[in-house]
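Novice: The structure's right below; bear with me while I get my questions together.
All of the numbers you see were taken from the coordinates with simple rules; none came from a lab. Just so we're clear, the structure is a prediction, and the values are computed from it rather than from any experiment. As a convention, Cβ positions derive from the backbone with ideal geometry for all residues, glycine included, and neighbour counts pool all protein chains shown.
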Amino acid sequence: MRAGFHSPRARGFSLVELLVSVLIGLLALVFATRLITGAEQNKASALGGSDSMQNGMLAMFSISGDAQQAGFGLNDPVLVGCNTRFHDTGGYSLAPAARGPGTVFPLAPAVIESGGAGPDRISLYSGSSMTGTGTLRVTSNYIGGTRLDVDRVPSYGFKLGDVVVVAPDNIGAGDCALAQISEDPGRVDAPPKQQYVMLAGGTGFRYNSGALGGANYTAGMARIFNLGPEKTLAFHTWSVNNGFLQLRSTDLAGSGGTAQTVADNIVSIKAQYGFDTRTGGAFTPQDGLQVRRWSATMIDADGSGSAGNAGDYQHIAALRIAVVARSAARERPDADGDCTATADKPVVFASAVPEGVAAAPITVDVGGDDWGCYRYRVFETIVPLRNAGWRP
């Protein structure tokens, strides 16, 4: 072979071949990038859906569990719906409700503060006394102080520290008042045993203000109901704040006045009362209540001409509860900048149940201009109030 002669293969790649190779590499890189990005987006959507499922189920389990227990011991018509004077050094306060032109604080198994299209606040109250229907009658006029004279020795079913409610016999004749027994009613100073109940303040008596909030009672016209030990009094208020499900509670340390977070990515909770709208002689709660109308606000269920009175609370047969959970991950908008993960806002309570009862659907405001970039799950349940028909 002569010097200076080079084979064509010894010259390497041509510029065209090099550019083609770079183009193929770039196409492969773009394809791989899109494949990985798509896989990550699918993974994020799947994980977000899983998170919303878990958070929504946790929220529904917690709220519906409270609803199933609501009202135990609060089963006397004298108590249900009674405007109650309440004092708590732990910071808890009863839920307000409309009654005519004014506002009251009813003692009832459930109180809904409707938020319209926004989240509701749901308060669920229950005691633990198995002797809630056993009462003491007030035998002397009460115009203040820490002592209530009663018609018998309160040794059976009434113990030191128990939470009691004083209520007038005539429904609507006055306010109820909640307090704690501050002196052991079974002790013997001298025969016979004491026939009075002490409601003094002091350490360990968080519900005592010293004067029953200013309420007065007439001899022979008021009774004392026992709700059970203070530590088992379960007054709970559920709410949503900035995507967090929160709870204020009398039986969870530190959460009486300051709500504690229970679950995240919960954008709304909704509730409706299930009313038995029969009135007069047709209303026979001892034979069982029937849901005939759903409403997020109080109605004139007892036909008295006034919505929100004590009788209306006695016509509540069940609660309908919904939880709306959101995926944790925000999905990317399309090429035009529009979010397409969710096209329409969630609708709750759209089904007509029980059969023959009209639905009262609510379109939920899930908040924010970018709400369509998230996915939502809706959880619903109906909880009969277990003591709605248990009446003395």
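Novice: May I ask for the Kirkwood hydrodynamic radius of the chain, worked out over all distinct Cα pairs and given in angstroms to one decimal?
Specialist: With all distinct Cα pairs of the chain included, I get 24.5 Å.
Novice: Now for a separate question. If the elastic network links every pair of Cα atoms under 10 Å, which of Ile122, Ile362, Ile266 fluctuates the most in the Gaussian network model of the chain?
Specialist: Among Ile122, Ile362, Ile266, the largest GNM mean-square fluctuation belongs to Ile362.
Novice: I've got another one for you. To the nearest 0.05, what FRET efficiency results for Asp151 and Ser306 with a Förster distance of 25 Å applied to their C-beta separation?
Specialist: Efficiency at R0 = 25 Å is approximately 0.15.
Novice: Suppose we flag chymotrypsin sites (Phe, Trp or Tyr not before Pro) only when DSSP calls them loop and at most 13 other Cβ atoms lie within 10 Å. Which is the longest uninterrupted stretch of the chain?
Specialist: That would be 157-392.
Novice: Then there is this: Given points 7 Å out from each Cα along the Cα-Cβ axis, report the Ala219 to Arg332 separation in nanometres with one decimal.
Specialist: 8.3
Novice: Between Asp66, Asp162, Asp370, where does the largest GNM mean-square fluctuation fall for the chain, given springs only between Cα atoms within less than 10 Å?
Specialist: Of Asp66, Asp162, Asp370, the most mobile in the Gaussian network model is Asp370.
Novice: Under a point spin-label approximation (7 Å from Cα along Cα-to-Cβ), what is the Lys231-Ala359 distance to one decimal in nm?
Specialist: 4.6
Novice: If you don't mind, there's one more thing I want to ask. For Ile299 and Ala352, what does the FRET efficiency come to when R0 = 30 Å and r is the distance between their Cβ atoms, rounded to the nearest 0.05?
Specialist: 0.95
Novice: With r as the distance between the Cβ atoms of Asp370 and Ser14 and R0 = 45 Å, compute the FRET efficiency 1/(1 + (r/R0)^6) and round to 0.05.
Specialist: 0.30
Novice: What are the residues whose amide H is under 5 Å from the amide H of Ser255, where those residues sit 5 or more places off or on another chain and H is modelled from the backbone?
Specialist: Ser249
Novice: If I take the Cα coordinates of region 309-392 and project them onto the principal axes, what are the three extents in Å, biggest first?
Specialist: The Cα atoms of region 309-392 stretch 66, 26, 22 Å along the principal axes, largest first.
Novice: Hey, what does the equivalent ellipsoid look like for region 349-389, semi-axes from the Cα gyration tensor as sqrt of 5 times each eigenvalue, largest first, whole Å?
Specialist: Ellipsoid semi-axes (Å, largest first): 30, 13, 9.
Novice: Using a 7 Å offset from the Cα along the Cα-to-Cβ direction at both Thr261 and Gln195, what is the distance between the two label points in nm, to one decimal?
Specialist: 5.7
Novice: For Val78, which sequence-distant residues (separation of 5 or more, or a different chain) have an amide H within less than 5 Å of its own amide H, given hydrogens modelled in the peptide plane?
Specialist: none
Novice: Ok, one more. Can you list the residues of region 92-124 with backbone N under 18 Å from a point 7 Å past the Cα of Lys345, pointing along Cα to Cβ?
Specialist: Under cut-off, by backbone N: 114-121.
Novice: Now a separate question. Test of understanding: given the chain, find the longest segment containing no trypsin sites (Lys or Arg not before Pro) that are in a DSSP loop and have at most 10 other Cβ atoms within 10 Å.
Specialist: 188-392
Novice: OK, next. To the nearest 10 degrees, how steeply does helix 15-69 sit against the main Cα axis of the chain, on a 0 to 90 scale?
Specialist: Between helix and principal axis, roughly 10 degrees.
Novice: Same structure, new question: Going by amide H atoms built from the backbone, whose H comes under 5 Å of the H on Gln260, apart from near neighbours?
Specialist: Answer set, sorted by chain and number: Leu247, Arg248.
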